[in-house]
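Worksheet: the structure to be examined is printed underneath.
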Amino acid sequence: MEWITRLMEALGSPGAGIAVALENVFPPVPSEVILPLAGFTAGQGRISLVAAILWTTAGSVVGALVLYGLGAWLGLDRLRRVADKIPFVTASDVDKADAWFDEHGNKAVFFGRMVPVVRSLISIPAGVSGMPIVKFTLYTAAGSLVWNTALILAGYALGDNYELVDRYLGWGSTVVLAALAIAIVWFVVSRSKARRS
């Protein structure tokens, strides 16, 4: 928190954008903390509210493009080879996931930008599936703009109580992680049963 505050004090709104870009790639501090803090800082008149929204959205896009590039580098063929070496996973699973993303990728990228944990991870399958980069960038920017604006305005409105945003949204990350853990356990158990039969 202190580092992010110093970054915004030193660089203004671009500092908030840098923090969000880093959070997308290396999420030590979630955007639920960074964005309300940016709104609070704007409320104090130390940065522009509009500039904070624009710079953090730009940071979201830059961070997402890094992970998109990682997914594109990985590619379907390499991912299939990796999948065949992972217990309970096959290359056909990769093909099914890719087919799903081809059909629902636009919605997944847009709404995924507003879901903790998924916000960062969704960029990788977009790159793997070869989603056109212009389309990916537009949907990422649109989803990020909605999310960033909501959290920055919340911090702006709450003032000194801006930390309440993280307190109430923090459970979202826990719920998503728990859902992912349950899904993985269910997948492994169902595959084990299928192999036995």
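Structural remarks
- Residue pairs meeting the criteria (Cβ under 6 Å; at least 6 apart or on separate chains; first modelled with pLDDT of 90 or more and of a type outside the set (D, E, K, R), in region 143-155; second buried (at least 20 other Cβ atoms within 10 Å of the Cβ) and not in a helix (DSSP H, G or I)): Gly143/Arg113; Ser144/Arg113; Trp147/Arg113
- Enumeration of residues in region 43-52 that are more than 22 Å from the chain's Cα centre (by Cα) and free of Cβ contacts under 8 Å to residues at least 40 places away in the same chain: Gln44, Gly45, Arg46, Ile47, Ser48
- Residue check for Tyr139: at pLDDT 80 or above and crowded, with 16+ Cβ neighbours inside 10 Å: yes
The values are calculated or read from the model by the stated rules, or taken from the named source; none is laboratory data. This one's a predicted model, so the numbers in the text were calculated from it and none came from an experiment. So basically every Cβ, Gly included, is an ideal-geometry build from the backbone, and we count neighbours across all protein chains shown.
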